[in-house]
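Asks: Please find one structure pasted underneath; my questions will follow.
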Amino acid sequence: MRFHPSEEQLAIQDAVRRTLADVWPNERLHAFVDGEADFDGESWQALMAMGLGGLLVPEDQGGAGLGLLDAAMVAEVAGQAAAAGPLAAQMIAAMIVSKSTNGAAKAHLAGIASGEQVVTLAFGGDWLPETWGATPEAGKVRFVQSAAAAHLFVLGTAGGGIALVEAGEGVAIEPVASSDRTRRLSTVTFSGAKAQQLFEPGDPFVARIFDAVLVLTAADALGGAQYCVDLSVGYAKEREQFGQPIGRFQALKHQLAQMALEVEPARALMWYAGYAHDANLPDASRAAAMAKAHIADRFVSVARAAIAAHGGIGYTWEYGLNNWFRRSLFDRAAFGSPTVHRGRAADMAGW
Amino acid sequence: MDLSYGAEAETFRTEVRDFLRERWQPGALRGAELKDYIRAFRLRATEAGYLYRAIPKEFGGAEQPADVVRAQVIREEFGRARAPMEITGNGMNMLVPTLLERGTPEQKALFIRQTMSGDYQWGQGYSEPGTGSDLASVRTKAELVGDEWVINGQKIWTSQGDRATHMFALVRTEPQASKHAGISYLLIDLDQPGVTRRPIKQMTGESGFFEFFFDNARSPASWLVGERGDGWNVSRTTLKHERASIGSAAGLGGQFDKLVELAQEVTRNGRPAIQDPEIRQALTRIEGYVMAHRYSSYRLFSLAASGEEGGLVQLMMKLLLTETGHEMALAAQELIGDEALIEPAPAGTRGRGPEKWLNQIMGSLGNSIAGGTTNIQRNIIAERGLGLPRDLAMEVGK
């Protein structure tokens, strides 16, 4: 019985954390936020050089052969650092292609795993597979991250299938002003794009893919929430008012304890959702929905509390905390809101 | 990660199961016969190494190496067979571990076996009317007169105070010393003329706690545990042996399941409340916390099994339990609706309706006070867990 991270998992998290500290320091994050690009090549290459693209690809197909829980732990660190991505999409896409039997799609696997081919998710509809409506032939998908940089799109096709669509002819990209400036979105219009269908509508594997996306989104939110707690606690130890660190005042101390209370226990929920998925437990899908709903909400709550705990500086653009607040907007809304997933969880419980 | 216990534990499970099949056959026994049977069963289970694992053999324990996985398997199998586990309560949870670590040979010989058998039942004598969160400010006094401690003062919030035969108490023995250094840990026989006990009627109408008045009560000089003036540290000796258990989360999960059942039983807008979208949201919102609590208890169990510290999350479990309990109370209040206007009949009474939830609704408030108030929990999380500076008032008070 083991239900805490292994040495190996901690080492992977540590390596990703150190890489991001090098290639994605605050100055670069700020430059990215103030710029227009929807992709950061330098940090991407550094992460891909670690083999993260192939993390979920079986070893006999050239990947690391790790599980969703491991990927979630990586996504957590990326969320903590407010990395630009689309890291989670890349890991999922490589996993999807590795499971597919479509030879033409399979040809892309090496490029995806190495990160040379950037892949993003284009689900559309109201996020849930049964609401997907586009096809490579025709359709418009909103809220696609890093679309301008993407070489490939994992398109959610009408009725709940998955296609791998190549960028270029038949794919038109229209950037939108995005509230989360670390994850820039576009509206993508498909019209006779080159594509391979990977999974037909109704294939049970599609639901599993969607669950995996929920778990990684929850993990990103967990990391972001952790950042908000850490930054606030650090600030409370340094900032002095009335001749003492503000962290000595019980009112603030209790706010910070409450923030930590929202985040730390939720970590084990994220782990369970990842573990349940990897072990194919009967409640895996419900755990994914619950983790996404609960942890995205915690991120929103903690990001708000962090700004309150900081006072004026937290409200400024320069300090940068607002970037995590904005990421909490993304993690809450993307792939279905907490309300949607709680509704699904209630249904799945048979209530 | 892996939630299975492993082959070694499963072999052990078979062994425990076989033992129970053979040895736990109470059949139709009732009353005194059943009591004797249970007493004999506990002895056998201890000999087999299943109960009183942390207690040395010389005091009648099983003296087994700490193994949280085995302890968990034992709890699960005894639970499944509905076989009695160890005697629980303050005596086993708090006093015996303290005596094992700090007691004299005489104290160990006098108290450990009797506590294990349930012949001695212990009340905790820490809180006083003027001493709540600031526990080190206790004023109950003990003076050494000849070879006896003479005790005067008042203790409060003693649970199971009606059944308690003895008390372990924090008393002031060194009035000249500083606040913490003036306290000693003293054992008191409650069956003597100088002791008066009185139940405290709670807001629920029940009496789960007692207060004790000491008017020249006496204890032998040798009943002081540890050094004079070191009672504060003695009282912090806690049981580490196999303390982690997955069962600790079962209470919250069980209560949540009952809340779901309530939502299935009562109606809202003319249909089962569970079908109401608002109720479904409220329940799953609470369930997020219930799951976080459950899997955090797995995490703590796993850490304990590999000999690691629980860290920040361990400091949070009580507060998380309390706050989730509050959320459930509010949800239950919404679900029972107008039935909240009915005073519930006492627990165990037949035919109680949804109004019985009032006990949980009020009881959840007790949780935010007992065993360290919610504000004290937040201090602990912030200071010990997050490393924030200690409150100046507390520094001064020290």
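Asks: How many Å² of accessible surface get buried when B and A come together, counting both sides, probe radius 1.4 Å, rounded to the nearest 100?
Replies: 4400 Å²
Asks: Amide H neighbours of B:GLN124 under 5 Å, at least 5 residues apart or on other chains, H built in the peptide plane: list them.
Replies: Hits under the 5 Å cutoff: B:SER159.
Asks: With a point put 7 Å past each Cα toward its Cβ, work out how far B:ARG80 is from B:SER159 in nm, to one decimal.
Replies: So the two model labels end up 2.9 nm from each other.
Asks: Tell me, what HN-Hα J-couplings in whole Hz come from the Karplus equation 6.51 cos²θ - 1.76 cosθ + 1.60 at θ = phi - 60° for each residue of the range A:242-248, using x for Gly and Pro?
Replies: Running phi through 6.51 cos²θ - 1.76 cosθ + 1.60 with θ = phi - 60° gives 6, x, 8, x, 5, x, 7 Hz.
Asks: Could you go through the range A:118-124 in sequence order and give the Karplus-derived ³J(HN,Hα) for each residue, using 6.51 cos²θ - 1.76 cosθ + 1.60 with θ = phi - 60°, rounded to whole Hz, and x for Gly and Pro?
Replies: 3J(HN,Hα) across the range A:118-124, in whole Hz: 7, 10, 10, 9, 10, 8, x.
Asks: Please build a GNM for chain B, connecting alpha carbons under 10 Å apart, and tell me which residue among B:GLY270, B:GLY337, B:GLY61 fluctuates the most.
Replies: B:GLY270
Asks: Express the accessible area of chain B per residue in Å², computed with a 1.4 Å probe while the remaining protein chains stay in the model. Working shown, then result.
Replies: Values: 19530 Å² over 398 residues.
Per residue, chain B has 49 Å² of solvent-accessible surface.
Asks: At what distance in angstrom do the alpha carbon centres of the range B:359-398 and the range A:234-284 lie from each other?
Replies: First find each Cα centre; the distance between them is then 16 Å.
Asks: Just the number please: accessible area per residue for chain A, 1.4 Å probe, all protein chains included, in Å².
Replies: It amounts to 36 Å² per residue over chain A.
Asks: A follow-up question, please. Rounded if a/c is under 1.5, else prolate if a/b beats b/c, else oblate: with a ≥ b ≥ c from the C-alpha gyration tensor eigenvalues square-rooted, which is the range A:179-314?
Replies: Oblate is the answer for the range A:179-314, as a/c is 1.5 or above yet b/c matches or exceeds a/b.
Asks: Label B:ARG21 and A:ILE173 with points 7 Å out from Cα along Cα→Cβ: what is the distance between them in nm?
Replies: In this crude label model, B:ARG21 to A:ILE173 measures out at 6.6 nm.
Asks: Could you work out what % of the accessible surface of the protein assembly as shown is carbon and sulfur, using a 1.4 angstrom probe and leaving DNA, RNA and ligands out of the count?
Replies: 51 percent
Asks: How big is the range A:228-272 in terms of Cα radius of gyration and Dmax, in angstroms?
Replies: Calculated on Cα positions, Rg and Dmax stand at 12.7, 45 Å.
Asks: For the range A:1-108, rounded, prolate or oblate, judged on the Cα gyration tensor with a ≥ b ≥ c (square roots of eigenvalues), a/c < 1.5 rounded, else prolate if a/b > b/c? Mind dumping the intermediate values first?
Replies: Working: a/c = 2.45, a/b = 1.26, b/c = 1.94.
Oblate, because a/c is 1.5 or more while a/b does not exceed b/c.
Asks: Still on this structure, please answer the following. Per residue, how big is the convex hull around the C-alpha atoms of the protein assembly as shown? Give it to me in cubic angstrom, could you?
Replies: In the protein assembly as shown, the Cα convex hull volume per residue is 186 Å³.
Asks: Span-like helices, chain A: DSSP H, alpha-carbon axial extent 20 Å or more, mean Kyte-Doolittle -0.5 or greater, which ones?
Replies: A:7-23, A:204-238, A:250-278, A:284-310
Asks: Are there any residues in the range A:259-290 with a reduction of at least 20 Å² in accessible surface when going from the isolated chain to the assembly of protein chains? Probe 1.4 Å, please list them by number.
Replies: Hits at the 20 Å² cut-off: A:ALA260, A:LEU261, A:GLU264, A:PRO265, A:ALA268, A:LEU269, A:TRP271, A:TYR272, A:TYR275, A:ARG286, A:MET290.
Asks: With label points built 7 Å along Cα→Cβ from the Cα atoms of B:ARG39 and A:GLU240, find their separation and express it in nm.
Replies: In this crude spin-label approximation the distance works out to 6.8 nm.
Asks: With springs connecting C-alpha atoms under 10 Å apart, model chain B as a Gaussian network and identify which of B:GLY205, B:GLY231, B:GLY27 has the largest mean-square fluctuation.
Replies: B:GLY27
Asks: Suppose the chain between B:ARG198 and B:GLU309 were pulled fully straight at 0.36 nm per residue; how much longer would it get relative to their current alpha carbon spacing?
Replies: 35.9 nm
Asks: May I ask you to find the residues of the range B:287-302 that are shielded by at least 50 Å² of accessible area once the whole protein assembly is considered instead of their isolated chain (probe 1.4 Å)?
Replies: B:TYR289, B:MET291, B:TYR295, B:ARG299, B:SER302
Asks: Rounded to the nearest 0.05, what FRET efficiency is calculated for B:LEU330 and A:ALA251 with R0 set to 30 Å and r the Cβ-Cβ distance? Provide the component values of the computation, followed by the final result.
Replies: Working: r = 24 Å, r/R0 = 0.80.
Step by step, r from the Cβ atoms, then E = 0.80.
Asks: Something else now. With chain A treated as a Gaussian network of Cα nodes joined by springs under 10 Å, which of A:PRO282, A:PRO201, A:PRO86 yields the largest mean-square fluctuation?
Replies: Ranking A:PRO282, A:PRO201, A:PRO86 by mean-square fluctuation puts A:PRO282 first.
Asks: With a ≥ b ≥ c taken as the square roots of the eigenvalues of the C-alpha gyration tensor of the range B:145-232, please select rounded if a/c is under 1.5 and otherwise prolate if a/b is larger than b/c or oblate if it is not? Kindly include the intermediate steps, with their values, before the conclusion.
Replies: Numbers: a/c = 2.38, a/b = 1.67, b/c = 1.42.
Prolate is the answer for the range B:145-232, as a/c is 1.5 or above and a/b outweighs b/c.
Asks: Treat the range A:70-123 as a sphere of radius equal to its Kirkwood radius over Cα pairs and apply Stokes-Einstein at 25 °C in a medium of 0.890 mPa s; give the translational diffusion coefficient in µm²/s, rounded to a whole number.
Replies: 209 µm²/s
Asks: To the nearest µm²/s, what D does Stokes-Einstein give for the range A:138-218 at 20 °C and 1.002 mPa s, using the Kirkwood radius over alpha carbon pairs as Rh?
Replies: Rounded, D is 159 µm²/s.
Asks: On to the next question. Have a look at the range B:314-341 and report residues whose accessible surface goes down by 50 Å² or more when the remaining protein chains are included, against the chain on its own, probe 1.4 Å, ligands and DNA/RNA excluded.
Replies: Those residues are B:MET316.
Asks: For chain B, what are Rg and Dmax over the alpha carbons, in angstrom?
Replies: Taking only Cα atoms of chain B, I get Rg and Dmax of 23.3, 75 Å.
The values are calculated or read from the model by the stated rules, or taken from the named source; none is laboratory data. Everything quoted here is computed from the prediction, not taken from an experiment. Cβ coordinates were reconstructed from backbone atoms using ideal geometry, including for glycine residues, and neighbour counts include every protein chain displayed. Remember, those area values only see protein heavy atoms, side chains included, never the ligands or the DNA or RNA. Shrake-Rupley method; radii C 1.70, N 1.55, O 1.52, S 1.80 Å.
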